[in-house]
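First the structure, in the form of structure tokens, and then the observations on it.
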Amino acid sequence: MNPDDPRVQRTRDRLRAALRSLATGHRLGSLTVAAVARHAGVNRATVYQHYPDLDALVADTMEDAVAHVARCAELCPLDVPGDRPPEPLVDLFARVAEDAVLYRGMLSDQGSARFSHLLRDRLTEVLAARFGQGARPPGSGGVPVRVHAAYLAGALVGVIAEAVREPDAGAGPAADRGPEAVAAATWRLLAG
């Protein structure tokens, strides 16, 4: 199957759109290949021609979002005063908020370990590349570049998971969980 074939692209677009649509009304763990196929107007065999399983479809659906989050992490300046988060960090959390339903499903206990690893690994790679070029926060001397990158990537994935978690009684006001507030809190932690 040629992934550049317009018919293949259209089918994958339909499958991704169906998954996004279904995810807004159902828990991701309750979705099935059959339900996605039915919603996309194709048969299950068509889904399996394009994706080996539902996790692969979800990872593909989230690829643009992951790429955007990684790019924001890569662009985030390290020398902004601690009282104001950098715009790329605010943009990162704004994009996460747009796809909160899918992030919530993917990063929950019933979510996809593949997605969590994909997100963490992508963030680790872009941060390690940046740190390898000498752009590192103050106080990181002596810490290996990959260890530092993995540490920050894990922290970001944890904050993203918390930002999209369904609020509970102890979660505080909803305003504390908006993209700007989450970015500001994250920046305070990162900037020390």
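Bear in mind these aren't lab numbers, they're just calculated from the coordinates by the rules spelled out. Bear in mind the structure is a predicted one, so any value in this text is a computation, not a measurement. Cβ sites come from the backbone with ideal geometry, for glycine too, and all protein chains shown count toward neighbours.
A few notes on this one:
- Relative contact order [Cα under 8 Å, 6+ residues apart], region 62-191, whole percent: 35
- Within region 114-153, backbone nitrogen closer than 20 Å to the virtual label 7 Å beyond the Cα of Asp79 toward Cβ: 127-142
- Cβ-defined net charge surrounding Asp4, 13 Å radius [Lys, Arg +1; Asp, Glu -1]: +2
- The calculated 222 nm mean residue ellipticity attributable to helices in the chain amounts to -21000 deg cm²/dmol, summing -39500 (n - 2.57) over DSSP H runs of n ≥ 4 and dividing by all residues.
- Unit Cα scatterers, Debye sum, region 6-52: log10 I(q)/I(0) for q = 0.15, 0.19, 0.28 Å⁻¹: -0.33, -0.52, -1.05
- Scoring 141-151, 59-69, 98-108 by mean Cβ neighbours within 10 Å over their residues and listing the highest first yields 98-108, 59-69, 141-151.
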